[in-house]
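K.L.:
Before anything else, here's the structure in question.
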Amino acid sequence: MLDAVTKGFVVLHPEAAARTLGRIDNRDAAAAFNAMPRPLAGTVLGHMVPTSAARCLASLTPAVAGEILTRTALPAAVAALRMLDAKQVNGILKQLPRPKAARIRLRLRFSEWVIGAFVEDDVVTLSPTHRVGDALRLLRGSGQRPIQMIPVLDASRRLVGSVDVYELLKSSDRRFVQHMMQPATHVLNARAAVQTVANHPAWMQHDSLPVINRNGIFQGVLPRARVLEEETHLMEAIVERNEAIATRSALADIFWLAVGALFVGQARTEERGGEDS
């Protein structure tokens with residue numbers, strides 16, 4: 001168990017704790033994660049750069065890693081698991097609840113930098129035949145923070161439009177959603193690269209955009225905050241990789257300088273031996 005002071009710091013500053021754990025020895029990081037309450041460990045892991053998060057997961061037993069990933073945000077969990085080999089991934093996923101394991105496996109089918117890997121699929125959707133009153137009760141009962149534009153799907157889960165949550169709030173309870181919904185003008189393809197939508201003009205008006213697959217089936221939404229976060233993680237990963245490369249280069253330089261000094265010293269010794277003889 002963490003002492004009260006350390007736990008208090010981690011609770012208040014999970015991002016700082018994540019950076020620290022990413023820099024220390026694997027065994028020390030594993031000991032810290034083992035000592036944390038699992039929900040707190042999941043929060044900290046979610047703030048780590050994927051390469052560091054994966055390194056920490058690999059240092060834990062599959063059971064502990066599974067308990068932590070169960071409480072880690074889905075995008076962060078997927079990003080970390082991508083850095084592990086298939087055997088490690090399968091061992092950890094066996095420890096997760098089946099629904100979350102299935103969602104992670106689905107994400108892992110997409111390549112690392114495409115939109116489908118970052119989609120939030122656990123979102124409320126409506127049908128055209130929903131009445132406003134029923135739609136609002138569904139939103140309240142979900143316990144989720146409602147997104148600005150609620151996706152509207154047909155019976156085959158094809159995206160047929162969207163409805164503004166504020167329009168729902170000010171409309172009659174008996175009104176049908178199909179009479180209020182708007183065409184889905186800004187739709188993303190799950191196979192598109194996430195970097196290609198970083199500057200999408202729709203972000204000026206929407207906090208999330210719907211995502212469909214190549215067959216037009218709704219996959220979920222891509223939040224604007226997730227795109228910005230991914231850009232930050234990408235930069236952190238690049239910095240971490242560059243630091244590792246610089247460290248290896250410096251160690252190589254030291255090694256070859258030492259080897260060179262050894263040969264020079266040996267040559268001078270041989271020269272003195274020749275002069276003495």
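Values in this text are rule-based calculations from the coordinates and carry no lab data. All of these numbers come straight from a predicted model, not from anything done at the bench. Positions of Cβ are backbone-derived with ideal geometry, glycine not excepted, and every protein chain shown enters the neighbour counts.
K.L.:
Where does each of Ser127, Ser172 land when they are ranked from fewest to most other beta-carbon atoms within 10 angstrom? Can you show the working numbers first?
P.N.:
Details: Ser127 15, Ser172 8.
Taking fewest neighbouring Cβ atoms as first place, the list is Ser172, Ser127.
K.L.:
Then there is this: Spelling out what I want: for every residue of region 133-140, take phi, set θ = phi - 60°, compute 6.51 cos²θ - 1.76 cosθ + 1.60 (Karplus), and round to whole Hz; glycine and proline get x.
P.N.:
Using θ = phi - 60°, the values come out as x, 5, 4, 5, 5, 5, 5, 5 Hz.
K.L.:
Find out how many positive minus negative residues lie around Gly91, taking Lys and Arg as positive, Asp and Glu as negative, among other residues whose Cβ is under 14 Å from that of Gly91.
P.N.:
So the surrounding residues net to +1.
K.L.:
Hey, can you grab everything whose amide H is under 5 Å from the amide H of Ser127? Only 5+ residues off in sequence or another chain; H modelled, so Pro and N-termini drop out.
P.N.:
Excluding prolines and chain starts, which carry no amide H, the hits are Leu153.
K.L.:
Something else now. Just tell me which lysines come within less than 29 Å, Cα to Cα, of Lys100; anything on the same chain fewer than 8 places away is out.
P.N.:
Within the straight-line cut-off, Lys100 pairs with Lys7, Lys87.
K.L.:
Sort Val194, Val177 so that the residue with the fewest other Cβ atoms within 10 Å of its own Cβ comes first and the one with the most comes last. Before the final figure, lay out the partial values.
P.N.:
Details: Val194 20, Val177 23.
So the residues, fewest neighbours to most, are Val194, Val177.
K.L.:
Here is a follow-up. Given the C-alpha centroids of region 162-183 and region 107-125, what is the distance between them in whole angstrom?
P.N.:
27
K.L.:
Would you mind pulling out the separation of the Cα centroids of region 186-206 and region 9-36, in Å?
P.N.:
34
K.L.:
Residue-wise, which Karplus ³J(HN,Hα) couplings in Hz belong to region 177-188, taking 6.51 cos²θ - 1.76 cosθ + 1.60, θ = phi - 60°, and x for glycine or proline?
P.N.:
Residue by residue, region 177-188 yields 4, 4, 8, 10, 5, 10, x, 7, 7, 10, 10, 9 Hz.
K.L.:
What's the exposure ranking of Arg27, Arg224, Arg191, going from fewest to most Cβ atoms within 10 Å?
P.N.:
Details: Arg27 9, Arg224 18, Arg191 13.
So the residues, fewest neighbours to most, are Arg27, Arg191, Arg224.
K.L.:
How large is ³J(HN,Hα), in whole Hz, for each residue of region 201-215 in order, when computed from phi with the Karplus curve 6.51 cos²θ - 1.76 cosθ + 1.60 and θ = phi - 60°, using x for Gly and Pro?
P.N.:
The phi angles translate into x, 5, 5, 5, 10, 10, 8, 7, 10, x, 10, 10, 8, 5, 9 Hz.
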